[in-house]
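Each remark here refers to the structure printed beneath this line.
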């Protein structure tokens with residue numbers, strides 16, 4: 001791409017999303033990159049897995065996202081005794097009319113926080129994963145469509161290992177990206193204490209977008225131009241994860257699709273009308289890292305493996 005072509009790149013109308021992220025960053029301090037990534041995954045119509053210790057702001061972050069986007073929010077505390085119907089809802093009898101009707105469960109929100117997802121039984125998780133993959137759930141033989149947009153933010157505590165059900169690879173693969181929030185720097189943590197002395201900044205948040213506007217942003221990101229060269233770069237990265245030494249399972253084709261969609265969403269947010277290699281490189285670790293398993297079945301070094309690949313796979317010239 002010549003310098004003239006670079007200057008001729010048309011800007012997209014992503015300013016509402018930028019304003020939204022600015023508002024969230026005033027509430028969730030020190031997490032600018034994480035806010036941008038989760039927003040990207042939302043526009044890419046994916047879901048995100050957050051692995052971190054308690055108290056790092058996962059619940060506040062998810063609530064702030066929902067408020068700023070003007071979308072319904074539900075938080076589900078996952079426990080071993082949770083039943084599928086506790087998530088999906090079920091058919092109930094109306095005693096006044098003598099008829100049965102479907103009552104929606106907490107999965108019928110646009111932003112769903114599934115806290116400590118690995119504490120729920122596999123049977124219960126299957127109901128959530130059906131919704132994540134299909135955009136609908138089946139109850140008593142009837143299919144019910146979930147709202148759009150739809151974002152599941154699931155959390156795992158990497159420290160505690162008692163009373164948990166390790167997520168199988170097939171379930172982890174359904175998350176478009178995985179991130180860690182981490183602790184705040186000293187100066188940011190000090191400012192957080194000052195900001196919350198008399199109340200929480202989230203109480204002053206206002207919706208900056210309507211559902212229709214969020215749908216427009218998603219449609220814009222989905223339609224963004226992605227060249228054959230960029231698609232080839234994504235496929236090369238994904239295929240390379242499958243031949244790494246000591247790896248038993250590499251990234252799936254679902255991972256390639258997730259990286260493509262996320263790259264388009266990132267380009268849209270940044271005000272461009274085409275995807276660049278930078279978009280792929282910025283997202284590859286979060287999107288592909290959790291999909292790489294070593295021979296012991298662990299994904300611990302998956303992110304490092306992707307970082308190494310980014311240094312060895314030839315970067316295309318758009």
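Here are the numbers for the structure shown:
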quantity	calculated
Residue 266 being in contact (Cβ under 8 Å) with a residue 60 or more places away in the chain, surrounded by fewer than 20 Cβ atoms within 10 Å (Cβ to Cβ) and not in a loop (DSSP other than H, G, I, E, B)	no
Members of the stretch 71-105 that are crowded, with 17+ Cβ neighbours inside 10 Å and either in contact with a helix residue (DSSP H, G or I) (Cβ under 6 Å, 6 or more places away or on another chain) or assigned to a helix (DSSP H, G or I) (or both)	73, 78, 82, 84, 86, 87, 88, 105
The stretch 106-125, residues that are in contact with a helix residue (DSSP H, G or I) (Cβ under 7 Å, 6 or more places away or on another chain), surrounded by 21 or more Cβ atoms within 10 Å (Cβ to Cβ) and closer than 14 Å to residue 85 by Cβ	107, 124, 125
Search result, residues across the stretch 6-30 that are in contact with a helix residue (DSSP H, G or I) (Cβ under 8 Å, 6 or more places away or on another chain), modelled with pLDDT under 90 and part of a helix (DSSP H, G or I)	16
Residue that is modelled with the highest pLDDT [pool: residues in the stretch 271-300 that are closer than 21 Å to residue 168 by Cα and loosely packed, with under 15 Cβ neighbours inside 10 Å]	295
In the stretch 66-96, residue nearest to the chain's Cα centre (by Cα) [restricted to those that are closer than 20 Å to residue 139 by Cβ and free of Cβ contacts under 8 Å to residues at least 24 places away in the same chain]	81
Those residues of the stretch 214-230 which are buried (at least 16 other Cβ atoms within 10 Å of the Cβ), within 21 Å of the chain's Cα centre (by Cα) and assigned to a helix (DSSP H, G or I), in sequence order	214, 217, 218, 220, 221
Subset of the stretch 31-60 that is part of a loop (DSSP other than H, G, I, E, B) and crowded, with 16+ Cβ neighbours inside 10 Å - its residue that is modelled with the lowest pLDDT	56
Scope the stretch 138-174; condition at pLDDT 90 or above, in a strand (DSSP E or B) and either closer than 24 Å to residue 249 by Cα or under 21 Å from the mean Cα position of the chain (by Cα) (or both); matching residues	145, 151, 152, 153, 154, 155
Qualifying position, being in contact (Cβ under 8 Å) with a residue 60 or more places away in the chain, more than 28 Å from residue 307 (Cα to Cα) and part of a loop (DSSP other than H, G, I, E, B), among 184, 209	209
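To keep it simple, each residue is scored yes or no on (1) touching a strand residue (DSSP E or B) at 6+ places or on another chain (Cβ under 7 Å); (2) within 28 Å of residue 215 (Cα to Cα); (3) surrounded by 21 or more Cβ atoms within 10 Å (Cβ to Cβ).
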{"position": "135", "(1), (2), (3)": "yes, yes, no"}
{"position": "139", "(1), (2), (3)": "yes, yes, no"}
{"position": "153", "(1), (2), (3)": "yes, yes, yes"}
{"position": "158", "(1), (2), (3)": "yes, no, no"}
{"position": "166", "(1), (2), (3)": "no, no, no"}
{"position": "175", "(1), (2), (3)": "yes, yes, yes"}
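The values are calculated or read from the model by the stated rules, or taken from the named source; none is laboratory data. Because the structure is predicted, anything quoted here is derived from the model rather than measured. Note that each Cβ is placed from the backbone with ideal geometry, even for glycine, and that neighbours are counted across all protein chains shown.
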